[in-house]
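> Attaching a single structure in structure tokens format; questions to follow.
Every number here is computed from the coordinates shown, using simple stated rules; none is lab data. Just so we're clear, the structure is a prediction, and the values are computed from it rather than from any experiment. Neighbour counts run over all protein chains shown; Cβ positions are idealised from the backbone, glycine included.
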Number of protein chains: 2
Amino acid sequence: MRSSLAERQETVEAGAEAPATPSVRQQAVLDAVLALMVEDGDQLTMDAVARRASCSKETLYKWFGDRDGLLTATVRWQASRVHAGGAAVQALDGATLREHLQDFAVSWLTVITSRTSVALNRIAVAHAGSRKSNLGGIVLANGRFAIGERVKPVLEAGRDAGLLAFADSEAAFRTFFGLVGRDIQIRLLLGEALDLGEDEIRRDADRAVEQFLALYGRAKA
Amino acid sequence: MRSSLAERQETVEAGAEAPATPSVRQQAVLDAVLALMVEDGDQLTMDAVARRASCSKETLYKWFGDRDGLLTATVRWQASRVHAGGAAVQALDGATLREHLQDFAVSWLTVITSRTSVALNRIAVAHAGSRKSNLGGIVLANGRFAIGERVKPVLEAGRDAGLLAFADSEAAFRTFFGLVGRDIQIRLLLGEALDLGEDEIRRDADRAVEQFLALYGRAKA
DNA sequence: TATCGAGCGTACCGTACGGTACGGTACTGG
DNA sequence: CCAGTACCGTACCGTACGGTACGCTCGATA
């Protein structure tokens, strides 16, 4: 089935990057890549992708350049779905600060425990070993660093409101990050089953926030 | 150069595991594997290993069965070098508890930031994607879980001495783990440069221990 | 010295996979 | 109705790599 509306079909010129915003059809291809990654990590061949997405390999190469381009586009595509929320922070009281932090913790735990994230991170980690096309950098930028940039303003607002005390918001965030994630991500990446339910995630997030406030809270936050 | 002393040369029978304690020559081969892993992650071919170790591929297959066997033996070999220390814990006062925790934190940070550990974990993570021969499990058992088993008794001794308060030593350890490692391991695995010096590690360990004691310490530890 | 075997070097095989070429088809615009 | 084009399906190519086979050397033992 061709796309009936005349969509902007972008091809990748020699040396250029994959399209910033994939067409609907291209998104379907990228979803196929994600599906394959999740269900069998090392079955991720160009043939398999083409078969799964019902497209020709030639098209894959035309759209994404090469295998790395396809993987990069996939990582970007997945990243684009995760970014959400992030409303501006205003007048903070203790309860809303706690609530914000809890939200961050829950959504972060939900992301890193998802099968998609695990599969994606595995690919990126494996890729980081060999130089070329840093998937790792992209994953970091859209994962760890993206959430850092979203959390830090909240922390700073908390400090401005006299609820938190710290000198370096980056350091404070990293502590928060450690308290939330602990050993979860590495265990998942290394293949442990370990699936947290929604309630377990909420409890974990709760504990992490309490601990963080115990360390950085001023007066009663 | 052959090994001049008549060493027990073990071969791997069909379906059996690699030798538990590799001969000196075999250790040299495994070191070659480690060296290759560190200097170029995806150049880890059987040919490359044989060339690097000055041995024949046939010997590799005789000794280790197949590629997975070689990798498994390498992971085990590296693990066997890391295990050290772990003296029995007796009468704890606040200062020695703090010291013990600091030692653990420093040695853990030193391990996970080492190029060898990063390379090894990359391989194991990549392998965890495809089923078969869980390198991931071995790495977990000798890394995260091994240190857990060494830290928990210390924590419990601290509790017995009235220095710490917690209900679940596993949970307490995981918090400690998170405070120490934070985002370091994932950032390294994903390819960020980020090399900590010895002093930086010590500072990090310091901070982590202080934070842990702030959360779990009873009276002044 | 003759025999044996561990192990090195190299050549070889099969296959899987990245990447390319090509014919056929359906939709689009003139 | 015809040209153009986007794309599917499939066949194909080259190569890299896991795994095997074989000849040769060297040290050990009798």
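> Please give the calculated 222 nm ellipticity per residue for chain A, where each DSSP H segment of at least 4 residues contributes -39500 (n - 2.57) and the sum is spread over every residue; nearest 500 deg cm²/dmol?
Estimated from H runs of four or more residues: -21000 deg cm²/dmol.
> Then there is this: At a Förster distance of 30 Å, what's the computed FRET efficiency of A:R51 paired with B:S80, Cβ-Cβ distance as r, to 0.05?
0.10
> Taking a ≥ b ≥ c as the square roots of the eigenvalues of the Cα gyration tensor of the stretch A:84-221, is the shape rounded (a/c under 1.5), prolate (a/b larger than b/c) or oblate?
Taking the square roots of the gyration eigenvalues as a ≥ b ≥ c, the stretch A:84-221 is prolate.
> Would you mind calculating the gained length between B:E58 and B:A171 on full extension (0.36 nm times residue separation, minus the Cα-Cα distance), in nm to one decimal?
Extra length from B:E58 to B:A171 when fully extended: 35.9 nm.
> Give the shape of the stretch B:24-81 as rounded, prolate or oblate, defined through the alpha-carbon gyration tensor: a ≥ b ≥ c are the square roots of its eigenvalues, a/c under 1.5 means rounded, and otherwise the shape is prolate if a/b is larger than b/c and oblate if not.
rounded
> Along Cα-to-Cβ, 7 Å out, sits the label point; list in nm, shortest first, how far the one on A:A171 is from those in the other copies.
The answer, with the shortest distance listed first, is 2.9 nm.
> Roughly how many whole Å is it from the C-alpha centroid of the stretch B:151-204 to that of the stretch A:76-144?
Between the Cα centre of the stretch B:151-204 and that of the stretch A:76-144, the gap is 22 Å.
> Place the label 7 angstrom along Cα→C-beta at B:D199 and in each other copy, then list the distances from the first to the rest in nm, shortest first.
Computed spacing set for this position: 5.1 nm.
> What FRET efficiency, computed as 1/(1 + (r/R0)^6) with R0 = 25 Å and r the Cβ-Cβ distance, is obtained for B:A141 and B:A35, rounded to the nearest 0.05?
Once rounded, the FRET efficiency stands at 0.60.
> For B:S54, which inter-copy label distances result when the label point lies 7 Å beyond Cα on the Cα-to-Cβ vector, reported in nm to one decimal and in ascending order?
6.0
> Mean Kyte-Doolittle of at least 1.0 plus a Cα span of 15 Å or more along the axis: flag which DSSP H helices in chain A meet both, please.
Passing helices, by number: A:24-39.
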